[in-house]
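One structure is given below, encoded as structure tokens.
Laboratory data are not the source of any read-out in this text; all were calculated from the coordinates shown. Remember, predicted model here, so these are calculated numbers, not experimental data. All Cβ positions, even for glycine, are placed from backbone atoms using ideal geometry, and neighbour counts span all protein chains on display.
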Amino acid sequence: MPHEIKELNEECGLFGVWGDPNAVPITHLGLHTLQHRGQEGAGIVGLTRTGLRRHYGLGLLSEVFAKPADLAEIAGNAALGHVRYATAGGRLLENIQPLLFRFSTEAMALAHNGNLTNALTLRRQLEDTGAIFHTTSDTEVLMHLLRRSPQPGFIGQLKEALNQVHGGFAFLLLTETGLYAAVDPNGFRPLVLGRLPDGGVVICSETAALDAVGAKFVRDIEPGELVSVTAAGVHTEQYTTHTQLSVCAMEFIYFARPDSQIHGVNVHQARVAMGRRLAQEQPADADIVVGVPNSSLSAAMGYARESGIPYDLGLVKSQYVARTFIQPTQALRELAVKRKLSAVRAVVEGKSIALIDDSIVRGTTSMQLVKLLRAAGAKAVHLRIASPPLRFPCFYGIDIQSTHELMAANHSVAEMRAMLGVDSLGFLSTQALEESIDLDPSAPHHGLCTAYFTGDYPTPLYDYAATLHKELAQLTMNVSEVSA
């Protein structure tokens, strides 16, 4: 069961365009802006004069679309694109999205960001009644449900299908007559709506991608919402009213670009606020503040401003190496850390450093960073983490589905400090994280999902419940200790 589940997990970037003759090159540019959300594979489906056509492959966007002809052959007035997150065990060409389905009367393309917590149960039920699956991705489940729905009309069928899947999801679906978007009832995975200068409509994962293609932000797509974009315009309805905003906190901590806005909150400013609170809760006796490029730089700025300790460039990142957290194996993660970061000896030598990072997952990156700084002559390293300890798995679309992978789930803060080789170690509290982002003060956890820190999951876990219970029963962890 754990192996099957892990194959289905993914965190990705979505970009769709309707009603623009340059839809495919616009989608290509938008996906470049979302490349940080996934480097395993990429694909674009274009609505051409002869119907939906797809170009896709494994690798970075620049590798998959290496020739101008790759875009020209799928050119049309609408497009749907996807960049895929690297997951262990699931690096198969057939899993690269958008998935393209051809039926006797029409064709449809489907792209998904997130993870369905009841996908295995649904898949078994569908297979028992004759369904044939071509991928190991949970995304395909939605299409089977849609096509089997007895509801009259496409929208009715789609709404029924959306009410049968559970977990975290942002779906984009392209047909020959429209572009459709839906977000799960908790809004775990973000989608935003924008409009191009010539009137075309864009729906994508982050506002930064809207900015990159010159589209004007219109609004966030809300939990439980279904948006239809057709020749008749943009139509919005709720496929369910049982909603509660619970945006994945890791979007603000790590995944999203700092220039993106999620439900009105700028990611950079939220990270600066996290850094300020971290300085209040976890002060350090240091000469300089150093941020881990790139997702921790905003928090490091906040820490420096609040503490009065000067910020300096102690680490330099190569911009041509993929993000280490989303490397599919431990060995690759360790190699990638060495390739992507180097210490600036002239800055760190003889200094006591407050090193600010966004999170500790497996501990690989932190160990390598401490070694780099010590080798460059750092006198002391005080590691400060701008999020709480990651102690619980995520089942809504992040590749952390076993507590055995999580350093903080298996060790106390004191043990982690010794293993990492730092002089001190401190984490941000969950309350400070929620208040720093402050998405919705009236909602539980300020409108955030913080289950990976607290174990308080906002939805039933369905296929994962038994696995989680078994893992937690086997662990001996100190869930109350959050500081050295």
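Across segment 2-243, C-alpha contacts under 8 Å between residues 6 or more apart give a mean separation that, scaled by the residue count, equals a relative contact order of 21 percent.
Relative protection proxy for 99-105, 273-279, 12-18, from highest mean packing down: 12-18, 273-279, 99-105 (other beta-carbon atoms within 10 angstrom). By the Kirkwood approach, averaging reciprocal distances over each pair of separate Cα atoms, segment 349-441 gets a hydrodynamic radius of 14.2 Å. The listed peptides 122-129, 111-118, 156-163, ordered by packing as a protection proxy, come out as 111-118, 156-163, 122-129 (highest mean of other Cβ atoms within 10 Å first).
For segment 176-189, 3J(HN,Hα) computed residue by residue from phi via the Karplus equation (6.51, -1.76, 1.60; θ = phi - 60°) reads 6, 10, x, 10, 10, 9, 8, 10, 4, x, 9, x, 3, 10 Hz, glycine and proline entered as x. Here the contact order of the chain, divided by its residue count and restricted to Cα pairs under 8 Å and six or more residues apart, works out to 13 percent.
What's the long-distance tail for the chain, i.e. % of Cα pairs beyond 30 Å? Taking all Cα-Cα pairs of the chain, the fraction more than 30 Å apart is 45 percent. Determine the distance separating the Cα centre of segment 66-84 from the Cα centre of segment 127-183; give it in Å without decimals. For segment 66-84 versus segment 127-183, the Cα centre distance is 23 Å.
Computed on segment 266-443, with alpha-carbon pairs under 8 angstrom and 6+ residues apart, the relative contact order is 23 percent. The phi-based Karplus calculation (6.51 cos²θ - 1.76 cosθ + 1.60; θ = phi - 60°) puts the 3J(HN,Hα) values of segment 450-467 at 10, 4, 5, 9, 10, x, 8, 7, x, 9, x, 9, 6, 4, 9, 4, 5, 4 Hz, whole numbers, x for Gly and Pro. Each of the peptides 369-376, 66-73 was scored by the mean count of other Cβ atoms within 10 Å over its residues; in descending order, highest first, they stand as 369-376, 66-73. Listed by chain and number, the aspartates and glutamates whose C-alpha is less than 20 Å from the C-alpha of LYS317, apart from same-chain residues fewer than 8 away, are ASP259, GLU334, GLU349, ASP357, ASP358.
Couplings for segment 343-356, taken from phi via the Karplus curve 6.51 cos²θ - 1.76 cosθ + 1.60 with θ = phi - 60°, read 8, 8, 4, 4, 8, 9, 4, x, 9, 8, 10, 8, 8, 9 Hz in order; Gly and Pro are left as x.
Between the amide H of LEU341 and those of SER318, distances stay under 5 Å, these residues lying 5 or more places away or on another chain, with hydrogens modeled in the peptide plane.
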